[in-house]
Amino acid sequence: MVGDDLIRESMSAVMDGEGSDIDIARILKAVDADPSMRAYWQRLQGSQAFLQSGVAPGSIDVSEGVRAVLVGDKPMKQQPSPLVSLAVAASVTLAVMIGGQQLLQGRDIVNPIAQVPGGVMPMQGAAPVQARYGLEPQGQAVSARPSKTADRSATSRVYEQLARERFERYGFSHAQKTAALQPNAVVPFARVPPQNR
Amino acid sequence: MAQIASFIVLMMTLAPVSFAQSGRCGLAPELEESVNKLLQSGSHYNYSGTLLVEYGSDREFIAVNARQGQGSNSLTRLSRRAGAPMETVIAERLEAATACSLARLYAFSAETSQAVAGRATWRLSIRPRDTLRLGYLMDVDVQSGLPLRVVSATPDGQVLERFEFAQFQLGGHSQAAQLPTATLNPTSTLKGTGTPRFQFAGLPPGFTLIGQGDSPVAHAVVSDGLASVSVFIEPQPKALAAGEGVVLRGSTLAYTRGTPNSYLITVMGEVPITTARLFADAVRVTTTGS
């Protein structure tokens, strides 16, 4: 049908951020009146969410969000209002983000913070961790999909482990040679595990 | 701990005003004398006591027995396990820095303080003049000049470590043996049989070479009189991409860097990570010994 094609074109234009006020009004009217159009509109949004997040779409519907933007709006004009276009684009983006978060709920894909014993000192570059005896350090969770970031994280973990081993291996030597200059000559030795002497 | 952290931040950001700095090196004579007493106290007095040490969220009590005259100290880790053995440790004797030599690197200020372990103390704030060193807040025993409570922090005020005597007994003056001190060339090449040789292209401001050795691997020790750093170099143990890792234990940091030419540089010391990186940057591997 010519009418359906017109509505689909309006939907595509809105999804691309190029829709006019007339396109939006046309979409709202169509999704209210025609369940197939509502389903198509949902699939369209789901596809966009998939392209952005790589996650399979669920049920996302931004028509209410779009409607809310238009509540209290003045009668439609032929030319799109930049403000309304911006609001619609923001509404769509927000809906996609919220929908994406809903889809991610319950999936343990990424745990961004390393769980390490002791205090973690935020510093630029390499991530220092507080050494603590008697507990094995827990590694940083990484994405299930291999990537360059994951490779870098693996390298960082190896170097963190190397630094930990060298702390234990060379700590006593460092304490022996510098303790006399430190505020208390015993504390530098206390920082070193006793079995590494 | 939060109060101490707030004080440290304040200490790091405000210029010390407690003493008029009018002496020969910018320090008031009485402050210079007090700081010198502190710097020399470690080798002058025997003492014993119980020390509480906090590293981040970790803490432990340590029984301490310092016998400076014999050149050895002992410590017993009371929180580790029941019946923990006494550990005897020997620190190499080094010539103490002077207040004036440190004054160009650190700003000192003093004020009154509360008692620590039942003893009268005064508070010394040591604020680094650049971002290459740690800052310290010390409650110093009036009688001996020994620091009874010390908080160390990064230049931006992050507390790294805190230790405090819960119980303290001052012994007598120690009769320290006179040990020779070597004069070293800061740019001399460090050698080792079967280990890499290296030298420093330069050292961060204020640091000088105070020791070097080949065991367990080629290493050098540098200090600014208060902060100390050991630099170790060894062949990289496994095929790895260049990278870096850092581990902290209280004030001591171990920074390990793998170089593209397959060496592993480890910088260990009581310095911020910025300084550790500068030391690693300065290492020049010359060749590998046979």
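Let me make sure I get this right: for region B:29-164, a, b and c are the square roots of the gyration tensor eigenvalues over alpha carbons, sorted descending. Under 1.5 in a/c it's rounded, otherwise prolate if a/b > b/c, else oblate. Which is it? Working shown, then result.
Details: a/c = 1.70, a/b = 1.38, b/c = 1.24.
Here region B:29-164 falls in the prolate category.
Using Cβ counts within 10 Å as a stand-in for footprinting exposure, how do B:Asp58, B:Asp141, A:Asp5 rank, fewest first? Present the calculation step by step, with values, prior to reporting the outcome.
Numbers: B:Asp58 19, B:Asp141 25, A:Asp5 9.
Arranged by neighbour count, lowest to highest, B:Asp58, B:Asp141, A:Asp5 become A:Asp5, B:Asp58, B:Asp141.
Tell me, what are the semi-axes, in whole angstrom and largest first, of the equivalent ellipsoid of region B:106-159 as set by the roots of 5 times the Cα gyration tensor eigenvalues? Show your work: numbers first, answer last.
On the way: eigenvalues 100, 22, 13 Å².
After diagonalising the Cα gyration tensor, the semi-axes are 22, 10, 8 Å.
Long-range amide H contacts for B:Gly211: which residues qualify at under 5 Å (H placed 1.01 Å from N, peptide plane, sequence gap of 5 or more or a different chain)?
Residues meeting the amide H criterion: B:Val221.
Provide the net charge surrounding B:Glu270, with neighbours chosen by a C-beta distance below 13 Å and charges set as Lys +1, Arg +1, Asp -1, Glu -1.
+2
So how do B:Arg149, B:Arg24, B:Arg129 line up by other beta-carbon neighbours within 10 Å, fewest first?
Details: B:Arg149 23, B:Arg24 9, B:Arg129 15.
Ordered from fewest to most neighbouring Cβ atoms within 10 Å, B:Arg149, B:Arg24, B:Arg129 come out as B:Arg24, B:Arg129, B:Arg149.
What share of all Cα pairs of region B:196-288, in percent, falls into each consecutive 5 Å distance bin?
The distribution over region B:196-288 is 3, 14, 28, 26, 20, 8, 2, 0, given as percents.
Loop-only check: which trypsin sites (Lys or Arg not before Pro) in region B:217-271 are DSSP coil with at most 16 other Cβ within 10 angstrom? Let's see the in-between values first.
Working: sites: B:Lys238, B:Arg249, B:Arg257; in loops: B:Lys238.
When the trypsin sites (Lys or Arg not before Pro) of region B:217-271 are filtered for loop state and at most 16 Cβ neighbours within 10 Å, B:Lys238 remain.
Once each part is reduced to its C-alpha centroid, what is the distance from region B:202-266 to region B:81-119 in angstrom?
Each part's Cα centre sits 24 Å from the other's.
Based only on other Cβ atoms within 10 Å, what is the fewest-to-most ordering of B:Trp122, A:Trp41?
Details: B:Trp122 16, A:Trp41 25.
With the sparsest Cβ surroundings first, the list reads B:Trp122, A:Trp41.
Readers should treat all values here as calculations from the given coordinates under stated rules, not as data from a laboratory. Owing to the predicted nature of the structure, the values given are computational and were not obtained by experimental measurement. Note that each Cβ is placed from the backbone with ideal geometry, even for glycine, and that neighbours are counted across all protein chains shown.
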